[in-house]
Structure formats: C-alpha cells, structure tokens
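Enquirer: Provided herewith is a single structure, encoded as structure tokens, for subsequent inquiry.
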Amino acid sequence: MLMKYSEIEEDFASLTTDANTVLFANRVEKTYPNGTRALDEVRLRIQRSDFVSLLGPSGCGKSTLLKMFAGLEAPSHGHVRWLGTDSPRKSGLKIAMVFQEATLMPWANVATNVRLPLDLAGTPKADSAPRVQRALEAVGLGKFGASYPRELSGGMQMRASIARALVTEPDVLLMDEPFGALDEFTRNRLDADLRALWAQRNARSDGSDTKQLAIVFVTHSIYEAVYLSSRVVMMAARPGRMVADLRIPDPVRDDDFRLSMAFTEHCRDLSARLLAASGGEFEHDEGARR
Amino acid sequence: MKTPLLHNPNAIKIIAPALVGLFLLLVWQVLCIAWKVPIYLVPKPSDIAMTLWNDGPGLLRALGVTLKITVLAFLVAVVLGVIAAFLFVQNRIVETSLFPYAILLQVTPVVAIAPLIIIWVKNPTIALVFCATLVALFPIISNTVLGLRSVSPGLLNLFRLNGATRWQTLMRLRIPSALPYFFGGLRISSGLALIGAVVAEFVAGTGGTGAGLAYEILQAGFQLNIPRLFAALVLISLTGILLFTLMAWLAKASISQWHESEMS
C-alpha cells in the first residue's frame, strides 16, 4: 500500500527520539480473528505529564488501545513506541495500570497488596515499607494498611488499587474505566482526588529531577473526561477510530468547574462530535443494531 | 428466663443435629420394641451400643487397620494429585494428553480392578493403599487444576505488567487462588479414601489379609451377628465424619480470613 507523503514524514519523525513523547501509537490497527476491527489507523501521542482521557462508547477500542500502551496486547498493524523504543522494558519507562475492578489479592492485606509491584521487582522490605505507606497516604488510606480488601468499600478498594499503581512512582499511569462500577458520589470524589494527585505530581517538577506523571484514562463518561483531563481523545466504534482530540485548558478543577459554562460547552462540543462521527445517530449498545 | 446456650450459634450447630439424632434413635428403639423386630433383622440401638461396648477393643483394632490404610492412601493421593495438577497447568499439551487417563482412573470401578491389584502386589497393605489411592486421587487433581486455572485475569495482567516470573506468578498468585478449591478437593477425597479402603478390604475378603473393619463386617454377616455388623458400620461412619470435620477445620484455619466459603 502506498503511503501519503505526509505519513512517511510523520513515520520518520516518530523514529527520531523525542524525549517529551512517552507513548506513541502510530497508525495502529487491531483486527480480532473473528473479523472484528477493534481499532483502525489510530495515531496518538502522549506527552510527559499529559492527562489524556480516551472517551467513547463501548466497542470503540479504547481499552484495547490502553492494553497496547501497557504492552499487554500487540497491534495487528502499525506500531507502538515507548520513548521511541519498541518495548516498555527497553524504554526504561515505569508503567502502572489500574483496571476496571480493583483486582486486589483477597488473601493479602492492603499494605501487602500495595507492596506487590515492589516485591515482584525484588525491592528489600526495609526500602518498600515507607514507600507503601506514602502511597497509601497519597490516596487517603494511611490507616488501612492492615485491613483486608473485603473489609473495604468499593471506593476504598479502588483507592488501594491506585496506591498499588503509584507505589512504583510510575511515569505513566494507565487507567481502564477505574471508577465505572462506583456510585456517582464516590466517583466524583475519586475523580477530584485523582486530578489533585496528578496536579501535585507535576507541580513538583519545577526545579529538580522529580518525575512527571502522565495519565491515560479510559472512560465512557463525557463529564468525567472533561472534568479530569487536559486532553480528551474521542473515539467512535465500528471500526474503533479517533474522531476528535480536544484540549481542555481550564486550570482549576473543582466543584464549581462542574457547574461552569466552560464545562457545559466542552461536553456539548464532544457530544456533537460523537454524534457527527456515528452518522447522526448514537449507538448505545452493540445489540441494538445488527 | 433465657437459656444462653440457645443463643450461642456455635452451640446450636452441635445441639440441633444431636437432638435430631437422639430423636431418630429413640423412634428406632421404640419401633423395634413395639413391632418385636428380631435382633438378626434389625437390632435395637441399645443392642448396638452394648455390642460396641463389649466388642470395643476388637472393633477398635480393626478400625485402626482401616484407618491406617485410609490415611496412607489419602496422603499419597494428595501428594500425587497436587504434582499431577501442577504438571497439567504448566502446559496445555501435557494436560490434553494426560487428562483422559486421569478420568479413566476415576471411572474405572475400584471393585473391578482391586482383585487384579491384590494378585499383582504381594504386600496386602500396599495393595489396599493402592486401591484406596485410586479412588481418592481424582478429586484432588481436578479441583487443584481448576483452582490453579481460576486466577483473576486482572491480577494475571497485573503480574505480567510488573514483569513477574513464572515462579513468582505461581507462588504469589496461582497457589493462593487455588487453595479454596484444593481444600474442597481434600474434603471429598478424605471421604473417598475411607470408602476406597473399605471397598478394597471387602474385595481382599477374608483371605487372611483382613482384620480391617470391612473384614469384621463380612465376618459378622456370615455369622448373622447383626449388632456387630451395625457396630462396625457406626465406627466407619464416625470415622468418615471425623475425617470430614478435620478437613473442614483445616480449611477454616487456613483461608477463613479471606475466603467467603469459610466465613461465618
């Protein structure tokens, strides 16, 4: 297949090292053996300290894209680059992931669960203990290290899951609809805390070598995406593709932001784009249309 | 006035079934007396108790023999079953090629192959243990395989993402996930080991190897000593219940802190 000149140019650009681009999906496609096209020619660049939401209806391939960034799934065509290298390991990037469920080990207490990534990396207990405590405090679970997952509410389990992701001080945090199963109040609370946590990590980067944190957040809630992110990438289904890439410049995210005109405008804009992309009608679920 | 015992759920767990048992025994006793049932057909519970008391030492010695075979067979089954399960989950090809034979072991009636084994294996204890092991093995294999496979896919992804080695995934994820299933297997197998031991003894018969409880039952049957037959039966049942309770306690002690099945 012939490439357009601009594509060749951009391919070339992707190979030259750009220290600011942590993740790069270059014309990525995914076709499953049953013929479903989960992703079609997706091109997406994630910068250091970005907060990007991947937003779209179910079946638009946003979770698939996230798994590719995690290195858990390979594209059928195109390629993913981590700091310009072809594997997360080579890049030296620390990538952490938070899943739809809290996925805590039920037989271990919260502190042991949070310590898991350090244990797997062979970190000595003496070094890991203070880091675990710091991660737990960062998500507001400082006093719950000795509790078992079943003793925690759904929201607190999710917090523990986030603490486990933060304990390695990752460069990239991939989140796959982490708050989808929670009630709205808990979800808003966690959204606010997550945004604050991200802002805090990236505010420290002014002087020294403290690490910046990029978050890629998959959601199907327009409001959540607008509230959280500095950038919203809108995707549509059948085949899964990108339809919009929108910056949300507003610096302050608090309860007032949720009620502001700007917030409403962003949401309306995104809804309109999704509507336009899906041919004038919303596709609510797979079963509705054959 | 309150009786505190009745408000203690743990006490009720023991008292309630005990009362039912006593009631049934009482009905049995009364019916036997009322209908004048001869002792060589259905002995009264009191007759059985008398026999248990009088023939106690002999019966207990027989029980010891059966119990030894049961415990040995159970331990062998646990060790072999767990090893087989680990082999099976390492590799799909290993599992596909061997699992049918594990099923073959399970579906072949031990009564049918016990005579062969008794002919082939000289040492009667080993022959009996072998038969009982065959019966007890399969639940351990199948439950442990199921447990080792039923790992949360999310956690598996998490381990992969963190670059966990095969060994780390096995020790920290697969084995803990498998424990509840494994204990389920233990509970079934402990009972089956006892059944296997008794069945094997039956087949081995009175040919001098005996002295187990099954031998006692056969002898009592030949002599129409029905109370003694019942007494031996009672001992077998009690042993089975004891084994089951032991396994239940073991499961509770190991996983009640986190697994729903053992909480209450």
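Enquirer: For residues that are more than 9 Å from chain A (Cβ to nearest Cβ) and of a type in the set (Phe, Trp, Tyr), scanning just segment B:138-188, find the one that is farthest from A:Arg115 (Cα to Cα).
Expert: Looking at residues that are more than 9 Å from chain A (Cβ to nearest Cβ) and of a type in the set (Phe, Trp, Tyr), I get B:Phe138.
Enquirer: If you don't mind, there's one more thing I want to ask. As an exercise: evaluate A:His284 against (1) assigned to a helix (DSSP H, G or I); (2) at pLDDT below 90 and give the number of the one condition it does not meet.
Expert: Exception for A:His284: condition (1).
Enquirer: Please find, among A:Trp82, A:Trp107, the residue that is over 22 Å from A:Asp191 (Cβ atoms), open to solvent by 40 Å² or more (accessible area, probe 1.4 Å) and of a type in the set (Phe, Trp, Tyr).
Expert: Just one listed residue meets the conditions, A:Trp107.
Enquirer: Against the conditions (1) modelled with pLDDT under 90; (2) of a type in the set (S, T, N, Q); (3) within 15 Å of the chain's Cα centre (by Cα), where does A:Thr64 fall short? Just the number, please.
Expert: Among (1) modelled with pLDDT under 90; (2) of a type in the set (S, T, N, Q); (3) within 15 Å of the chain's Cα centre (by Cα), A:Thr64 violates only (1).
Enquirer: Do we have B:Val135 as touching a Gly at 6+ places or on another chain (Cβ under 7 Å) and assigned to a helix (DSSP H, G or I) here?
Expert: So B:Val135 passes the test.
Enquirer: Something else: Are there any strands (runs of 3 or more DSSP E) wholly within segment A:44-162 with 3 or more residues that are of a type in the set (A, V, I, L, M), in contact with a Gly (Cβ under 9 Å, 6 or more places away or on another chain) and within 14 Å of another protein chain (Cβ to nearest Cβ), and if so which?
Expert: Fully inside segment A:44-162 and qualifying: nothing.
Enquirer: Ok, one more. Here are B:Val89, B:Val111, B:Val82: which of them is more than 14 Å from chain A (Cβ to nearest Cβ), within 20 Å of the chain's Cα centre (by Cα), assigned to a helix (DSSP H, G or I) and surrounded by 16 or more Cβ atoms within 10 Å (Cβ to Cβ)?
Expert: From the options B:Val89, B:Val111, B:Val82, the qualifying one is B:Val82.
Enquirer: Then there's this: Quick check, is B:Ala211 among the aliphatic types (A, V, I, L, M) and not in a helix (DSSP H, G or I)?
Expert: Spelling it out, B:Ala211 is indeed among the aliphatic types (A, V, I, L, M) and not in a helix (DSSP H, G or I).
Enquirer: Identify the single condition in (1) surrounded by 16 or more Cβ atoms within 10 Å (Cβ to Cβ); (2) out of contact with any Ser or Thr (no Cβ under 6 Å at 6 or more places or on another chain); (3) more than 30 Å from A:Thr112 (Cβ to Cβ) that B:Gln223 does not satisfy, given that it satisfies every other one.
Expert: Unmet for B:Gln223, out of (1) surrounded by 16 or more Cβ atoms within 10 Å (Cβ to Cβ); (2) out of contact with any Ser or Thr (no Cβ under 6 Å at 6 or more places or on another chain); (3) more than 30 Å from A:Thr112 (Cβ to Cβ): (1).
The values are calculated or read from the model by the stated rules, or taken from the named source; none is laboratory data. What you are looking at is a predicted structure, and each value in this text was computed from that prediction instead of being measured. Cβ atoms come from the backbone with ideal geometry, glycine included; neighbour counts cover every protein chain shown. Side chains are part of the model used for accessible areas, which takes the heavy atoms of the whole protein and leaves out ligands, DNA and RNA. Shrake-Rupley method; radii C 1.70, N 1.55, O 1.52, S 1.80 Å.
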